[in-house]
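Written below as structure tokens is the structure these notes are about.
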6 protein chains.
Amino acid sequence: MATLPILTDEQASPEAAAVFADIRAMRKTDFVNNFWRVAANDPALLKATWERLKEVMKVREGGLDSLTKEMIYVAVSVANGCTYCIHSHTAAARAKGMTDQMYADLLAVVGMAHQTNGLVTAMQVPVDEVFKV
Amino acid sequence: MATLPILTDEQASPEAAAVFADIRAMRKTDFVNNFWRVAANDPALLKATWERLKEVMKVREGGLDSLTKEMIYVAVSVANGCTYCIHSHTAAARAKGMTDQMYADLLAVVGMAHQTNGLVTAMQVPVDEVFKV
Amino acid sequence: MATLPILTDEQASPEAAAVFADIRAMRKTDFVNNFWRVAANDPALLKATWERLKEVMKVREGGLDSLTKEMIYVAVSVANGCTYCIHSHTAAARAKGMTDQMYADLLAVVGMAHQTNGLVTAMQVPVDEVFKV
Amino acid sequence: MATLPILTDEQASPEAAAVFADIRAMRKTDFVNNFWRVAANDPALLKATWERLKEVMKVREGGLDSLTKEMIYVAVSVANGCTYCIHSHTAAARAKGMTDQMYADLLAVVGMAHQTNGLVTAMQVPVDEVFKV
Amino acid sequence: MATLPILTDEQASPEAAAVFADIRAMRKTDFVNNFWRVAANDPALLKATWERLKEVMKVREGGLDSLTKEMIYVAVSVANGCTYCIHSHTAAARAKGMTDQMYADLLAVVGMAHQTNGLVTAMQVPVDEVFKV
Amino acid sequence: MATLPILTDEQASPEAAAVFADIRAMRKTDFVNNFWRVAANDPALLKATWERLKEVMKVREGGLDSLTKEMIYVAVSVANGCTYCIHSHTAAARAKGMTDQMYADLLAVVGMAHQTNGLVTAMQVPVDEVFKV
């Protein structure tokens, strides 16, 4: 029910196939998920998105670890209501070590943030001077 | 420009004042930010929200640390477009040790997540079987 | 800071002026708020929007009363993050009789709904069979 | 397809089972819907959410009635795009007496609010002085 | 799984049937899609929505062409996460001549816009003076 | 009131300054707007975003023209409620030739799309078989 075909390895163009190969190599698995297979209908979009994702998820000295990044990804996906993204990034977070307690904490914060976001917006609370840089 | 008055300590009811006192004690500061001062117009809402927030932000054995929770809070607030919440939780994350590199990582993930959320939704990518629990 | 001029009575076209006159007659006030003055840059949009709003807010036998409609309007505007709409419809709800207790209830429900919306979306809860018509 | 198991009565922990029992007693039905069964994976979240919901939906002297609260809940859920929440709260509103005419009014207001929210945001209409408290 | 019945031609009221007839005449097809069949439960809503849609999609001298309007409709529907709307308006855009290259461009812009929307909101960038009318 | 400093040319790092120079060259103006000046706090983010934006906005044989892309950008920004983005892309669309009539059409479609998005979501209309690829 995607708006574009979910391309098999055989249907992918050489440029798309090269990205699939890189995904497999980076992730050490033969599995290529549907997002990439649909994006492959526009090999340039596929390549640009994958290259940027690799760069963004790369762990830097003094920066965030992989698991924290995945949990932030889940949080954004929930607020944007992206079903596919919630499933894929929750699965990725688990694969990177998210325990049941960590996931419970993530859910609790996500729920709380939605609640206070709603209340603050409803009451139109002005930003305190002290929060302005 | 809030829809309700921003109550001073003097204007707060005894029940609201008790919550202000707990906020000050917990945070070890005399400062009480506008969200609580506006919520104080309904002392029951103020108390319930503060009590729940304390519980949610409490660090548990094997769970997420305070800084990670604040960054998740920021991520949700951005996706929900809550200006006040973005400012207050970004400030809180910095106060809890978020470095420039960590914030750069947070921003990069938030931007990337918005992008792929948009693309996935536009293309209506179906959830892979493997992501289903 | 609108993207179009806020038209004064003098700047409004005859078709727009006629809508302003109807707004004044219906609301029994000389005041015409900014939304209509900006929409007046496209008199056809102004007229269609005003005519539809009148129809939607009209009270029908067995239907919802004006105040309930305004509170629903506020709730949608909060979730959509529309600052102008939150202010104008909260003011309208008050003008139609929303008491402090009613507003406190509205805020509490709005906050709660945002929270459970967030949790349900995060956990991707499937719809119970019993809820399907 | 939830991200966590939908717990049966047998799988629920004693603390979660106690909440299920309270839900059944309050609602005078044996049915416990999926939201609670998924939330039950974190009994503390389940309990806090249920206790707060009970408090928020409780009818207060001079406050909103149950049906109005359910319709506001539906309105927020629509704007947030929460499919489960739309189904469950629309069903709840009907159970509490929402007639076809009331639902037609709710839909009309929800549609209108989305439209003017979109127009106001697109045109960035500044808040009238008179709407500021 | 709609919240209201999907009315067949036989179930539609005379007023709703008249709108169905107009839809068929305007679109030169016998097919009437589900949106109208569900909206038909409130013939007044059905009629008002259809009449306004016809007006909005009408091509005006010096205005936007039909295809551009459909692509803008898709873009809004994606950002609002409306699955039905994404499918129906993407199909409509294709029927009006959207080529694979045009759709690839639409997707790329939609993805980019979501990303910079997210970054700008996260960083709370103030509007440049030069952008204010 | 951004969460990061708005860097002047003097404060920008050499890598950021190089991007500023490319923006000036591409746009044939000395003006560099605040988005880039705030993003410049992370030169890698600045460069990646600018390079991708250039690529996305580049006109391709058989693809969308610049003005259509800007209007789609405005439409997404409205639905996401990004004030800065609405102002900057509306200004950009005007600079690329958007006439008053075109803008009126854009606004009318944006308003209509929000309305039907809201109605469809509220009624949970199932996707017609014919719309599935």
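Table for the structure above
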read-out: Rel. contact order, % - alpha carbon contacts under 8 angstrom, at least six apart, chain E; value: 16
read-out: 20 °C / 1.002 mPa s Stokes-Einstein diffusion coefficient of region A:66-133, Kirkwood radius on C-alpha pairs, µm²/s; value: 160
read-out: Degrees, to the nearest 10: B:83-95 long Cα axis against longest axis of chain B; value: 90
read-out: Contact order normalised by residue count of region A:42-103, Cα under 8 Å, 6+ apart, percent; value: 27
read-out: Solvent-accessible area, 1.4 Å probe, carbon plus sulfur percent, for region A:1-76; value: 57
read-out: Loop chymotrypsin sites (Phe, Trp or Tyr not before Pro), region C:17-65 (other Cβ atoms within 10 Å of the site Cβ: 16 or fewer; DSSP); value: C:Phe31
read-out: Label point 7 Å beyond Cα along the C-beta direction, distances from B:Gly62 to other copies (nm, shortest first); value: 3.5, 4.9, 5.7, 5.7, 7.0
read-out: Loop-resident sites, region C:47-105, for GluC sites (Glu not before Pro), counting at most 15 other Cβ within 10 Å (DSSP); value: C:Glu61
read-out: Spin-label pair D:Glu51/E:Glu51, simplified geometry with 7 Å Cα→Cβ offset, distance in nm; value: 5.4
read-out: Cα centroid of region B:43-114 to Cα centroid of region C:37-55, whole Å; value: 41
read-out: Rounded tilt (10° steps) of F:14-27 against the dominant C-alpha axis of chain F; value: 60
read-out: Alpha-carbon radius of gyration plus Dmax, which is the widest Cα pair, for the protein assembly as shown in Å; value: 25.2, 73
read-out: For region D:40-133, accessible area per residue (1.4 Å probe, heavy atoms of protein chains only), Å²; value: 31
read-out: Karplus (6.51, -1.76, 1.60) ³J(HN,Hα), θ = phi - 60°, over region B:104-121, in Hz, Gly and Pro reported as x; value: 4, 5, 4, 4, 5, 5, 4, x, 5, 5, 4, 5, 6, 4, x, 5, 4, 5
read-out: Residue-by-residue Karplus 3J(HN,Hα) for region E:65-74, coefficients 6.51, -1.76, 1.60, Hz, glycine and proline x; value: 7, 4, 5, 4, 4, 5, 5, 5, 4, 4
read-out: DSSP-loop trypsin sites (Lys or Arg not before Pro) across region D:25-129, with at most 16 other Cβ within 10 angstrom; value: D:Lys28, D:Lys58, D:Arg60, D:Lys96
read-out: Contact surface F-E: accessible area buried, both sides summed, square angstrom, 1.4 angstrom probe; value: 5900
read-out: Residue with peak Gaussian network fluctuation, chain A [Cα springs, cutoff 10 Å], from A:Val59, A:Val120, A:Val74; value: A:Val120
read-out: Computed Rg/Rh of chain A, alpha carbon atoms with Kirkwood Rh; value: 1.06
read-out: Length-normalised contact order of region E:59-133 in % [C-alpha pairs under 8 Å, at least 6 apart]; value: 27
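The values are calculated or read from the model by the stated rules, or taken from the named source; none is laboratory data. Keep in mind that what you see is a predicted model, and the values were worked out from it rather than measured. Ideal geometry is used to build each Cβ from the backbone, glycine not excepted, and the neighbour counts take in all protein chains shown. For the accessible areas, the whole protein counts, side chains as well, though only heavy atoms, and no ligand, DNA or RNA atoms are used. Shrake-Rupley method; radii C 1.70, N 1.55, O 1.52, S 1.80 Å.
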